[in-house]
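Only one structure is covered here, and it is reproduced in the block below.
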Amino acid sequence: MAAEGQVDVKRYQIISLLYIVFICFSVINIKISVLDSNIYTIKSLQSIEKEELKKVDISNKIIADNLAQINQSPKAASYLKIRTRLTKSYTVINNVLKHVDEEFIKNKTTIYKQFNSRNLIEEILKSENGVKQLDKDLFDLSDFIKKSPFKLQASLDSLIPLQKQVTTIKGKVEEWDYYLFFHKPSAISYMQLQRIKLLVSKTQLLYQEAALAEIGYQPTYFSKFNPKLYVLKSTVKEYKPEEIIQPNQKVIDKNDEVFDELFKKIINSLHTENIFTGLTTSFISDFNFDFGKDFTFEVIPKTKITQVGKDYKVTFSKNGEYLLKFYDLRKQDKKLLFDKKIMVNPLPDPLVRVKGDNLNTYNISVRDLLAAERLEANLEINNLKYFPGRINSYKVIKIHNGKEEESVNNYGELFQSTTQKVLGSLKKNDLVIFDNINMSLVDGSTRTSPPIVYKITD
């Protein structure tokens, strides 16, 4: 969580990247027909929002369980009130989008059929259930946040924007609703609605996390898209050995110096956090005692244990809760030192891009595309240096003058000859889309990545 007075830049990184696509379409002078490709941008926004709502739901549950404590903290209570107000705005924008979709259905059409037209969506948005609802709500929201005694400076105003009149990059002054929604193809208007909905959702989560942070909770996410748990910061401390012993469990005499040495070594070398299905984990590392002679441990349900030098590694094949039991073997009787519950989590969704350190935007040259030679996937967990899986296949789509001109299926991560031919034919201002990206991970799951869109610069 960013400190008060600071913008949490990382939380807006994905939105900023997606917004580049919008700028390419709405600011640069491109033929309207190109807007057909915005279907992939809208799908990406919807996909990110879906994952964001998982985080919102998790934090809501934590808030409900700690509501009394939150209300005792003026700052936390202020953050929570802003969260509640943002929830109202999310409902409003969601209802406007539902209204648009329902009217399309009544007219026996869809947003995907209306991409390059503007009359129908403008008529819908000018109705009583359209932009008027959004206009009043968003400006009220902005005033509410500004008047709150405690607030974050991750402002919506600069991202929506929230001012009655907006000066375009050409110096023309327009009413904000016309600037965002009217006299524009359906592709732009609909995408703006979806973008605002996502921004409100993300801001809602910011204030939820800020409220929880005031009472000691810290969110822990294993990737940008995959929320897993919340932890209390107050529990993150150096435990004394006796503190991790289960209740009513008999502990060997503390005067036994040999036992103490073994016990402390295990505790100091034990790693049971951030464990994922399919990834080999070093439970105990750089440990001088002998497994099977001085000590042993078992995992319930049964799991294979491998010794590599002074490290003891375990690979879990399934998600869920496991029990670790550690035993002292140096006396006649096998004695339980302690047991500990651990949680094994499913692997998060990989992040996929064209291979290359400098290819992090939606603008790319044909030369760089061909030089990349492949797509690559990454998991941002535990400083992982490799991808625990493989890219099976994906579809490469060439968009020229707003129309799908050519497409091929690619098998494996490397660009096959058919893909290279399509990429080599791309011209300036063309779009290339990598879609239906299918991957297999070591946990046995199959994942599909959101589409990747690149605009050709030369």
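A few points about this structure:
- Spacing of the two label points (7 Å from each Cα toward its C-beta) at Phe182 and Ala64, in nm: 4.2
- Which of Arg374, Arg367 has the fewest Cβ neighbours within 10 Å, and the rest in rising order: Arg367, Arg374
- Added length on full extension, which subtracts the Cα-Cα distance from 0.36 nm per residue, Lys98 to Glu406: 107.5 nm
- A simple spin-label model places pseudo-atoms 7 Å from Cα toward Cβ; at Glu123 and Phe139 they are separated by 2.7 nm.
- Here the extension length gained between Ser393 and Ser47 equals 122.6 nm, from 0.36 nm per residue of separation less the Cα-Cα distance.
- Counted residue by residue at 0.36 nm each, then reduced by the alpha carbon distance between them, the extension gain from Lys355 to Asn436 reaches 27.4 nm.
- Rounded to the nearest whole Hz, the Karplus-based 3J(HN,Hα) values (6.51 cos²θ - 1.76 cosθ + 1.60, θ = phi - 60°) of the range 114-131 follow the sequence 9, 3, 9, 9, 9, 5, 5, 5, 5, 4, 5, 6, 8, 6, 4, 9, x, 5, with x at glycine and proline.
- Spin-label model, Lys325/Asp311: points 7 Å from Cα along the beta carbon direction are separated by 2.7 nm.
- Unsatisfied cross-links (Cα-Cα over 24 Å) in the set Lys50/Lys302; Lys50/Lys398; Lys113/Lys421; Lys304/Lys335: Lys50/Lys302; Lys50/Lys398; Lys113/Lys421
- Distant-in-sequence amide contacts of Thr315, defined by a placed amide H-H separation under 5 Å and a gap of 5 or more residues or a different chain, comprise Thr281, Lys304.
- Karplus-derived 3J(HN,Hα) values for the range 188-193, using 6.51 cos²θ - 1.76 cosθ + 1.60 with θ = phi - 60°, are 6, 4, 5, 5, 5, 4 Hz; glycine and proline are entered as x.
- Mean separation of Cα contacts under 8 Å, 6 or more apart, over the residue count of the range 351-456: relative contact order %: 29
Every number in this text was worked out from the coordinates using simple rules, so none of it is lab data. All values derive from a computational prediction rather than experimental measurement. Neighbour counts are summed over all protein chains in view; Cβ atoms, including those assigned to glycine, are modelled from backbone coordinates with ideal geometry.
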